[in-house]
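See structure below.
The values are calculated or read from the model by the stated rules, or taken from the named source; none is laboratory data. Just so we're clear, the structure is a prediction, and the values are computed from it rather than from any experiment. Methodologically, a virtual Cβ is constructed for each residue, glycine included, from the backbone with ideal geometry; neighbour enumeration extends over all protein chains shown.
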Amino acid sequence: MELLFVRSVNVSGKNKDAILKNKLSNNYYLSAHGSYYVNLNADALEKQDESRKRILDAVEALSKAQGRCLILHPGYYLNHSKEKTYDTIKTPTLHISCNIYWTNWVVLPWMSFIFIWEESSTVEKARRIVFLL
């Protein structure tokens, strides 16, 4: 089952227990789709900071419900090459990964991430980072 955090993180103290109870009683795998408002390749540093916060907020909420996978779109190419975009997005992604690993949010004792790149003639976008908790 996938939680949608695309516009806002919707796991709160009020509904966390109900989500967790339902997950455990039905024995399903819980993932979430992160915010659409993420661009780790933004030219403005404040947008990159806001993007990092949105990712970490999603990880924290997913962890509260014992979810295990966050899927998100890390950024847009804008006017940059694929290589420059990858290099720009890679560093904050590694920092986010370390931040997640060293907190109590992680359900399992390891965490990894996967870059999945797709090209489109209409939308040039770095498609997904999958955080496996």
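Considering (1) farther than 23 Å from S12 by Cα; (2) of a type in the set (S, T, Y); (3) in contact with a strand residue (DSSP E or B) (Cβ under 8 Å, 6 or more places away or on another chain), say which one S35 fails and leave the rest.
(1)
Would you confirm whether or not region 97-109 contains a residue that is modelled with pLDDT under 85, surrounded by 18 or more Cβ atoms within 10 Å (Cβ to Cβ) and under 25 Å from N15 (Cβ atoms)?
Pass one, region 97-109, residues modelled with pLDDT under 85: 97-109.
Those left that are additionally surrounded by 18 or more Cβ atoms within 10 Å (Cβ to Cβ): 100.
Those left that are additionally under 25 Å from N15 (Cβ atoms): 100.
Yes.
Do you know which of the residues in region 66-81 that are of a type in the set (A, V, I, L, M) and under 15 Å from the mean Cα position of the chain (by Cα) is surrounded by the fewest Cβ atoms within 10 Å (Cβ to Cβ)? First the steps, then the outcome.
Initial filter on region 66-81 (of a type in the set (A, V, I, L, M)): 70-72, 78.
Next, only the ones that are under 15 Å from the mean Cα position of the chain (by Cα) stay: 70-72.
Details: L70: 25, I71: 18, L72: 24.
That would be I71.
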